[in-house]
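Heads up, the thing below is written out as structure tokens.
The values are calculated or read from the model by the stated rules, or taken from the named source; none is laboratory data. Note that the coordinates shown come from a computational prediction; the quantities given were computed from them, not determined experimentally. Virtual Cβ from ideal backbone geometry, glycine too; neighbours counted across all protein chains shown.
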Protein chains: 4
Amino acid sequence: MANSIGEQFRVTSFGESHGPAIGVVIDGIPAGIEVDEKFIQSMLEKRKPGQSAITTQRKEDDFFEIVSGVFEGKSTGAPICFIILNLDQQSKDYSALKNIYRPGHADYTYQKKYGIRDYNGGGRSSARITAGWVAAGALAMLYLKKVSNIQIEAIVSSVYNIALPKPYDQYNWGSIENPVRCPDKVTAEKMEALIEEMKQTKDSVGGTIACRILNTPVGLGEPVFNKLNADLAHAMLNINAVKGIQFGSGFESAQLKGSENNDTIDGNTNHDGGITGGISNGRPIEFELAFKPASSIGRPQNMLNTDGSIESINIEGRHDPCVLPRAIAIVEAMAAIVTADHFMRNLKFVQ
Amino acid sequence: MANSIGEQFRVTSFGESHGPAIGVVIDGIPAGIEVDEKFIQSMLEKRKPGQSAITTQRKEDDFFEIVSGVFEGKSTGAPICFIILNLDQQSKDYSALKNIYRPGHADYTYQKKYGIRDYNGGGRSSARITAGWVAAGALAMLYLKKVSNIQIEAIVSSVYNIALPKPYDQYNWGSIENPVRCPDKVTAEKMEALIEEMKQTKDSVGGTIACRILNTPVGLGEPVFNKLNADLAHAMLNINAVKGIQFGSGFESAQLKGSENNDTIDGNTNHDGGITGGISNGRPIEFELAFKPASSIGRPQNMLNTDGSIESINIEGRHDPCVLPRAIAIVEAMAAIVTADHFMRNLKFVQ
Amino acid sequence: MANSIGEQFRVTSFGESHGPAIGVVIDGIPAGIEVDEKFIQSMLEKRKPGQSAITTQRKEDDFFEIVSGVFEGKSTGAPICFIILNLDQQSKDYSALKNIYRPGHADYTYQKKYGIRDYNGGGRSSARITAGWVAAGALAMLYLKKVSNIQIEAIVSSVYNIALPKPYDQYNWGSIENPVRCPDKVTAEKMEALIEEMKQTKDSVGGTIACRILNTPVGLGEPVFNKLNADLAHAMLNINAVKGIQFGSGFESAQLKGSENNDTIDGNTNHDGGITGGISNGRPIEFELAFKPASSIGRPQNMLNTDGSIESINIEGRHDPCVLPRAIAIVEAMAAIVTADHFMRNLKFVQ
Amino acid sequence: MANSIGEQFRVTSFGESHGPAIGVVIDGIPAGIEVDEKFIQSMLEKRKPGQSAITTQRKEDDFFEIVSGVFEGKSTGAPICFIILNLDQQSKDYSALKNIYRPGHADYTYQKKYGIRDYNGGGRSSARITAGWVAAGALAMLYLKKVSNIQIEAIVSSVYNIALPKPYDQYNWGSIENPVRCPDKVTAEKMEALIEEMKQTKDSVGGTIACRILNTPVGLGEPVFNKLNADLAHAMLNINAVKGIQFGSGFESAQLKGSENNDTIDGNTNHDGGITGGISNGRPIEFELAFKPASSIGRPQNMLNTDGSIESINIEGRHDPCVLPRAIAIVEAMAAIVTADHFMRNLKFVQ
């Protein structure tokens, strides 16, 4: 179904940007998992708007509430529903967008597909929906923590033309304290300056995020049609603005010979990105994502009107000049959802 | 489930490289579709080994048989089962591979996941399995032909360091007569020479395949978790050797500003690759895939033995020096499967 | 997944009896359906406690709220989430039930399966959860009303040893004004008196509910594993206290000869209950359900304690002496969910 | 999908009565299960036609072949495909049935749903398809045998008006040597005589089958929408000719008071049929099925012609006067498929 992801750890998303609330129902979580609310909230903080000078200045507090599935702090085996109220849903008048299709946004495609569209703040297509995914991913992390040593980490590896020098594993991914979430201080500062410039010039920039999943057992992933890389790609390409993914050496591998690309036994290479034949091979799972620049920019653009005419319009608002720092939480969450799902699917093979 | 793909047009795969047969069961195909056997066979010919000097010289005839679901040449609404006999299943002795994990192959991961492994020609992990996918994809194309004008085409866009000059749409994709399946004659000849060289030097090369889906209606794709790009990525990343995918400008978009990357209304740009907010927007759907070089090469390589020791082994056999020309059929087939599935899913919204 | 039902019209349930709220997420509803809140509320009224002298005197107001998927009164194609707050969640102290397994209830099985149990009012296993199903079913009815003439009706056909005289189609099912919801006034009064007696004697009674689905097109139902009768049976057996189902002549058919049981062409018989080979045949779909008597009775019963000892306990509370009058709404709702789902699944075969 | 059943142990069925073969693909079976071919064949023998004087005298040998998923006698984790060739597919001319809708059969409903119909021997709607289910069920039994003590047994409990005296557990279900498969010799002989009479008079009779699942752990079944009873009901109602199911006391419970029906702690009663709140409670799981009499009888009947006229026709052929003895194998197989599926689903809750 359109709004669910996962087979055994299954997340169903609902809600619109400016409805009363957004949320998720998580089905398949075993009983007895401690639902650490502080941890879940901390993941939401990583994603929330207004967290630094280089993100949108919209204020959304993104407090989540547990509606079901938790009893005395632990999961019961019943579906867990998290809800995040849309506290500022009434704060803005979107009627100016009622008859306009913003470029790069889903306005036009939603209208044509459904014949009706909640135009307030993007409605169902808004990236706000991902707050629910992050809460679900945080729960997946709590599950993984309980049953494994698996660790999931993502970093901003490039912004526009500023790239973090490779290899990425020379950096400490775990304790990034800059607002860009790039692990190299010097690179991060350049990125920050660039994003600040975009804010001033009312433009936006894209970039790449690298993600790794450490300490997976050999065996996650189900050939032939639910290969771990296929399911990760599926999850990631569902994230707003993601336009590409590569595992291990990815597009570079396409320019290598077999004799160069086959990983050596000593573990010194990881061209395959930790997945062989669709199954985790015990090395770090590594992939990188391409994010297009945010489509919302504060400059006049030609836009199609619902009546077929073209208008040059400037969409006012507090836009993100670069979504990548906030998207780190979403990438980690989606990676956790897929990993938890495959961890469960793999259980029957290890009895 | 591990061996099924699609929701309403659903393909279930079975079989091993050297068992009696491989096959697929296709569920969800409406009644009344003409099952053009010649067309299906022609797609299998595009994928089959031994079709030219630059593919593996293994002979596999890949004739398919209809087991069910077709009556007097038409689909009945019952599941269609296609079977392809493994005619040369006894032709080779694979016992030398019994105790060895070939680099880049799924030998090690299967063994660790399942504790048992059909080592004959790769067993379940063999790319031979994709012959069934191609037959299913051909059926998807017949369905699409009946209900729409949708057209699916793929080309080899690079091999190793030889890249087809962009933009790709300057070429005629439809009638490629060279064995590499690259639409530019000059580039194709360079690629062919390189692949021939790999064959001589017992090495292999990777490359990229570009695919486009033309004439889709606006509206294919289901947000938020079955975005059309997410489902295409999922399908493609299930293809053996695929390590990356990008839609539209993909990783290049990551280096653009919003003011550069937003597609213009005049239709002159297609940075989004024909999909906005997860839904087809009416422009050509365009994506590109990274294939790693074939892992099987005729050179000695260090391999892990099942007893934990390391051996330098030369895997004899008739390997593909470059899988891309044959993979064209697989990419087109998987694209057709996803497109047919989403075409069906979209039906209830256009009544 | 445990908490979802349906393939194309898919309902996901969440919540516990005494948590903050219960609810449902409905995925797959097409855009443009008018979400008539009054009608949905009226279905909830049919199910709610305290509606007459012969139901439990617990007061639950069961007002539903739309969280998502509706814009200006119409469905948008996004998932619809309904929530019903548990307003009186704090009203009672259930700690006496913490260590006891009530007979006939899911206390013991939940505890053994999950190792943890929300014992407040039955938690996840409470029939209160079905309020969400009723709201989802009401939405299914609104969908069916928009796209068809299909009509769904249920009646109480027996209570304990008081049976409505057959054939049931001699009665007017549509406008039942007695609290038992049995269409024959005389029978209804006897049933009411009996239920009143049960209330006095602190016992309970079971019975049967007959349901029919009128005006279905020929063609609903998917052989071989999603026959319409199979999916209806699945839905109905998920209702608390249902222990059996029969279609058409059901268990009576088992005592007939083929020459007696085959339905005649003139339409005068309906032994098959409107479904042949798993597909609706155009005659009324008819089935009947066996409900066991409510397990909660106000008399001392021997119960197993969590420490393994046996205690004679009297569970205080305002129990339903007979659940059938309120269950009518649940049966109709589940029938509507299955019918809507199969209506959608059948669409691709009628283009 | 229409042709698949089960979530983690998933069976996909394909084939028509008179096509080249019927079969199943079983996905989700863990690696390392010994695939005992003799046992599987023995289950097929229990179902096959012509096995005794009281079944149809059609000869179908029903030998199955393993196409995939088994290596050196053991499952590999890959999907297992079984095929049963339709050896006598050419033996009969069905063209007389081309334009006629047989009463009680799916001829009319298939034609109206799909607009096309394989009329040879019932095509996809033929009970012959269940041979594949039986092979899949036999595999489920082999899995259950490996991981549990669960035992599944079914008996014929009534034929027409001849009923096996209750309680059923006074009989030895395990070693029934009469052709009716009723465990009481005297009753069996009466049934046999009746069936013989039907054969002579070219009529047919229905009846009931009782099934029990012994030694299940507490905990199988997933509330709220995949209750074990709901999934068993779903599986059973997919069997051709089944028109009803009841668990434990079933329709009798509907005529009891709560004080009579609640199961006692001592284990002396089993009104709930071993399932409480949708979860196995450790007592024997018990249910009973109503089979309508076989629709095919060798007497003239009025039938609808595809041109709308009515004809009195006598369908020649070697019909089953009573399908129940052969259906025992199907009931046991479907029970095993559901039980294996829920056994797997329950694994993550017992780690």
Looking only at the stretch B:261-320, and only at residues there that are among the β-branched types (Val, Ile, Thr) and in contact (Cβ under 8 Å) with a residue 60 or more places away in the chain, the one that is nearest to A:Glu260 (Cα to Cα): B:Ile297
- prompt: With respect to C:Asn314, is the statement that it is polar (S, T, N, Q), closer than 26 Å to D:Ser249 by Cβ, more than 7 Å from chain D (Cβ to nearest Cβ) and in contact with a Gly (Cβ under 7 Å, 6 or more places away or on another chain) true?
  reply: yes
- prompt: Do we find that A:Gln246 is closer than 24 Å to A:Tyr160 by Cα, facing chain B (nearest Cβ under 8 Å) and in a loop (DSSP other than H, G, I, E, B) in this structure?
  reply: no
Conditions (1) more than 27 Å from D:Val134 (Cα to Cα); (2) outside any loop (DSSP other than H, G, I, E, B); (3) touching a residue at least 40 places away in the same chain (Cβ under 8 Å): number failed by C:Ile239: (2)
- prompt: Looking at the stretch D:183-212, which of its residues are among the β-branched types (Val, Ile, Thr) and assigned to a helix (DSSP H, G or I)?
  reply: D:Val186, D:Thr187, D:Ile195, D:Thr201
field: Residue list for the stretch B:38-64, filter: among the charged types (D, E, K, R) and either surrounded by 15 or more Cβ atoms within 10 Å (Cβ to Cβ) or in a loop (DSSP other than H, G, I, E, B) (or both)
entry: B:Lys46, B:Arg47, B:Lys48, B:Arg58, B:Lys59, B:Glu60, B:Asp61, B:Asp62
task: Inspect the stretch B:23-31 for any residue being without any contact (Cβ under 8 Å) to a residue 40 or more places away in the chain, within 14 Å of chain A (Cβ to nearest Cβ), under 19 Å from the mean Cα position of the chain (by Cα) and part of a strand (DSSP E or B) and give the result as yes or no.
output: no
Subset of the stretch A:143-177 [of a type in the set (S, T, N, Q) and surrounded by 23 or more Cβ atoms within 10 Å (Cβ to Cβ)]: A:Ser157, A:Ser158
message: If a residue counts only when it is surrounded by fewer than 18 Cβ atoms within 10 Å (Cβ to Cβ), which helices (runs of 4 or more DSSP H) contained entirely in the stretch C:249-351 have at least 2 such residues?
response: C:258-261
message: Among the residues of the stretch B:202-230, what is the count of those that are within 7 Å of chain A (Cβ to nearest Cβ) and not aromatic (Phe, Trp, Tyr)?
response: 15
Lone qualifier among D:Val224, D:Val180 - being crowded, with 24+ Cβ neighbours inside 10 Å, part of a loop (DSSP other than H, G, I, E, B) and touching a Pro at 6+ places or on another chain (Cβ under 7 Å): D:Val180
message: Which condition from (1) within 17 Å of the chain's Cα centre (by Cα); (2) modelled with pLDDT under 95 is the one that B:Glu177 breaks?
response: (1)
- prompt: Could you count how many residues in the stretch B:196-221 are surrounded by fewer than 21 Cβ atoms within 10 Å (Cβ to Cβ) and under 30 Å from A:Ser126 (Cα atoms)?
  reply: 4
- prompt: If only one of D:Gly73, D:Gly28 is crowded, with 20+ Cβ neighbours inside 10 Å, modelled with pLDDT of 95 or more and on the phi > 0 side of the Ramachandran plot, which one is it?
  reply: D:Gly28
task: Take C:Lys166 and decide whether it is basic (Lys, Arg) and part of a helix (DSSP H, G or I).
output: no
- request: Would you mind telling me which numbered condition in (1) within 14 Å of chain B (Cβ to nearest Cβ); (2) among the charged types (D, E, K, R); (3) surrounded by 23 or more Cβ atoms within 10 Å (Cβ to Cβ) A:Glu7 fails?
  value: (3)
message: I need a count of the residues in the stretch B:1-24 that are in contact with a strand residue (DSSP E or B) (Cβ under 6 Å, 6 or more places away or on another chain), of a type in the set (A, V, I, L, M, F, W, C) and under 20 Å from B:Ala335 (Cβ atoms).
response: 3
- request: Tally the residues that are of a type outside the set (Ser, Thr, Tyr) and farther than 30 Å from A:Ser95 by Cβ, restricting the search to the stretch A:307-345.
  value: 18
- prompt: Can B:Lys145 be described as part of a helix (DSSP H, G or I) and over 23 Å from B:Ala2 (Cα atoms)?
  reply: yes
task: Kindly indicate the residue of the stretch D:286-309 that is at pLDDT 95 or above and touching a Lys or Arg at 6+ places or on another chain (Cβ under 6 Å) and also nearest to D:Asn346 (Cα to Cα) among those meeting that condition.
output: D:Glu286
message: Residues to consider are A:Ala136, A:Ala131, A:Ala78; find the one that is buried (at least 24 other Cβ atoms within 10 Å of the Cβ), more than 23 Å from the chain's Cα centre (by Cα) and under 23 Å from C:Ile80 (Cα atoms).
response: A:Ala78
- line: Those residues of the stretch D:3-22 which are in contact with a helix residue (DSSP H, G or I) (Cβ under 7 Å, 6 or more places away or on another chain), over 30 Å from D:Gln200 (Cα atoms) and assigned to a loop (DSSP other than H, G, I, E, B) amount to D:Gly6, D:Glu7, D:Gln8, D:Phe9
- line: Selection from the stretch C:281-306 of residues touching a Leu at 6+ places or on another chain (Cβ under 7 Å) and more than 7 Å from chain D (Cβ to nearest Cβ) yields C:Pro284, C:Phe287
- prompt: Looking at this structure, is A:Lys199 of a type in the set (D, E, K, R) and more than 14 Å from chain B (Cβ to nearest Cβ)?
  reply: no
query: Restricting the search to the stretch D:320-351, which residues are within 17 Å of D:Ile40 (Cα to Cα) and among the charged types (D, E, K, R)?
result: D:Arg326, D:Glu332
- prompt: Name the pairs whose Cβ atoms lie under 9 Å apart, with the first residue in the stretch D:151-170 and among the hydrophobic types (A, V, I, L, M, F, W, C), the second at pLDDT below 95, and 6 or more positions between them or separate chains?
  reply: D:Ile155/D:Ile176; D:Val156/D:Ile176
task: For C:Leu324, work out the one condition from (1) closer than 13 Å to C:Ala127 by Cβ; (2) in contact with a helix residue (DSSP H, G or I) (Cβ under 8 Å, 6 or more places away or on another chain) it doesn't fulfil.
output: (2)
